[in-house]
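Encoded as structure tokens, the structure appears first; notes follow it.
The values are calculated or read from the model by the stated rules, or taken from the named source; none is laboratory data. Treat the numbers as computed from the prediction; the structure is a model and nothing was measured. No Cβ is skipped: glycine too gets one built from the backbone with ideal geometry, and neighbour counts run over all protein chains shown.
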Amino acid sequence: MLILMMIMVMISILISVAFLTLMERKFLSYIQIRKGPNKLGLIGILQPFSDAIKLMMKEFYLINKLNYMIYLISPMISLILILMMWLIYPFYSNYFMMKLGLMYLMCCLSLGVYSLLMSGWSSNSSYSMLGSLRSLAQSISYEVSLSIIMIIPMFLIDNFNFMNLMYYQENIWLFIFMWPLGLMFLFSIMAELNRTPFDFSEGESELVSGFNIEYMSSGFVLLFLSEYASILFLSFLFNLLFLGSKMINMMFYLKMMFLVILIIWIRGTLPRFRYDLLMYLCWLMILPFSLNYMFYMIFFKILI
């Protein structure tokens, strides 16, 4: 039963990702005052399936200088890791939930950078290598602040189980009295996802397409799926940490969708800025602020 439920969650995630891509294209098209995909099915509802079939049917050929095994495995690792992260989602029917969910999640997040490095290096192209190094430096930098910000709410409730956050936030959201931390978490999420205005690993004007330049057909599909599944997961995590409400409540998923729409909206409106400023933002602003906030919370908790 447990294995069946895990498979159901994974299938649901993949279907959600398909429609998330459609929603993003629709939103970006209306931001740019044009129509999005609207030909296939009712208002373009079948477009994601058409794209998936087209990409999977494309020719997949191996370039001479590739490191074949690593090149083929790295997109799979990327997708498997994000699907593993979704296992912190609780299954109420047979009470499968992780008591050390935070530790498990931090382990999975820290492994995510290896797939980036492997896919860039194994492509044996200077563009992909440069893209993977930049996204690697960005991911490692923002993972530090992301981890510290995740620790603070868990420290307040004296538990590593994410589900306890729902019970502690029944009367008041943590975002109300920790809103600076919530905003820092939102910035760190967007940097971790390589989304605008932090999409330096895919800076088309400088790096063509970044670490995934040599990927095509099914390899590209796997990388694409893992990126959009990460958007959904980190929106879910933000909701759980700062905007907590019961998961059986529709309001939880509406808030999650609002965060996803906000990330898409930011992509449609903000320009990309300089790479050095991104690093300064992390090491000189977000990290010192989150560390000071953590010490403040420890002091606050000792006093109470």
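Residues of the stretch 10-19 being within 15 Å of Leu81 (Cβ to Cβ) and modelled with pLDDT under 90, which ones? Please lay out each step first, then the result.
Here is the first cut: in the stretch 10-19, the ones within 15 Å of Leu81 (Cβ to Cβ) are 10, 13-14, 17.
Hits for the stretch 10-19 are Met10, Ile13, Leu14.
Yes/no per residue for (1) charged (D, E, K, R); (2) assigned to a loop (DSSP other than H, G, I, E, B):
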| site | (1), (2) |
| --- | --- |
| Leu4 | no, no |
| Val9 | no, no |
| Val17 | no, no |
| Leu22 | no, no |
| Leu28 | no, no |
| Met56 | no, no |
| Glu59 | yes, yes |
| Leu62 | no, yes |
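Only one of (1) part of a helix (DSSP H, G or I); (2) of a type outside the set (Phe, Trp, Tyr); (3) closer than 26 Å to Phe224 by Cβ is not met by Leu156, so which one is it?
The single condition Leu156 does not satisfy is (3).
May I ask you to list the residues in the stretch 163-189 that are polar (S, T, N, Q) and part of a helix (DSSP H, G or I)?
So in the stretch 163-189, the residues polar (S, T, N, Q) come out as 164, 169, 171, 188.
Of everything in the stretch 163-189, those that are polar (S, T, N, Q) and part of a helix (DSSP H, G or I) turn out to be Asn164, Ser188.
Looking only at the stretch 269-304, which residues are surrounded by fewer than 11 Cβ atoms within 10 Å (Cβ to Cβ), of a type in the set (D, E, K, R) and not in a helix (DSSP H, G or I)?
Correct list: Arg274 only.
Can you go through Ser188, Ser226 and tell me which one is within 26 Å of Tyr293 (Cα to Cα), touching a Ser or Thr at 6+ places or on another chain (Cβ under 7 Å), among the small types (Gly, Ala, Ser) and touching a residue at least 12 places away in the same chain (Cβ under 8 Å)? Explain how you work it out, then say what you get.
Numbers: Ser226 fails: within 26 Å of Tyr293 (Cα to Cα).
The conditions single out Ser188.
The conditions are (1) in contact (Cβ under 8 Å) with a residue 40 or more places away in the chain; (2) over 30 Å from Ser50 (Cα atoms); (3) surrounded by 19 or more Cβ atoms within 10 Å (Cβ to Cβ); (4) not aromatic (Phe, Trp, Tyr), and Met247 fails exactly one of them. Which is it?
Among (1) in contact (Cβ under 8 Å) with a residue 40 or more places away in the chain; (2) over 30 Å from Ser50 (Cα atoms); (3) surrounded by 19 or more Cβ atoms within 10 Å (Cβ to Cβ); (4) not aromatic (Phe, Trp, Tyr), the lone unmet condition for Met247 is (3).
What do you reckon, is Ile266 within 18 Å of the chain's Cα centre (by Cα), among the hydrophobic types (A, V, I, L, M, F, W, C) and either surrounded by 15 or more Cβ atoms within 10 Å (Cβ to Cβ) or assigned to a helix (DSSP H, G or I) (or both)?
On the way: within 18 Å of the chain's Cα centre (by Cα): yes; among the hydrophobic types (A, V, I, L, M, F, W, C): yes; either surrounded by 15 or more Cβ atoms within 10 Å (Cβ to Cβ) or assigned to a helix (DSSP H, G or I) (or both): yes.
Yes: the conditions hold for Ile266.
Before we move on, is Ser201 modelled with pLDDT under 85 and crowded, with 21+ Cβ neighbours inside 10 Å?
Details: modelled with pLDDT under 85: yes; crowded, with 21+ Cβ neighbours inside 10 Å: yes.
Judged against the criteria, Ser201 is a match.
So Asn194 passes all but one of these: (1) crowded, with 20+ Cβ neighbours inside 10 Å; (2) farther than 30 Å from Lys246 by Cα; (3) modelled with pLDDT under 85. Which condition number does it fail?
Tallying (1) crowded, with 20+ Cβ neighbours inside 10 Å; (2) farther than 30 Å from Lys246 by Cα; (3) modelled with pLDDT under 85, Asn194 fails exactly one: (2).
Within the stretch 240-263, how many residues are within 21 Å of the chain's Cα centre (by Cα) and either over 27 Å from Ile157 (Cβ atoms) or assigned to a loop (DSSP other than H, G, I, E, B) (or both)?
5
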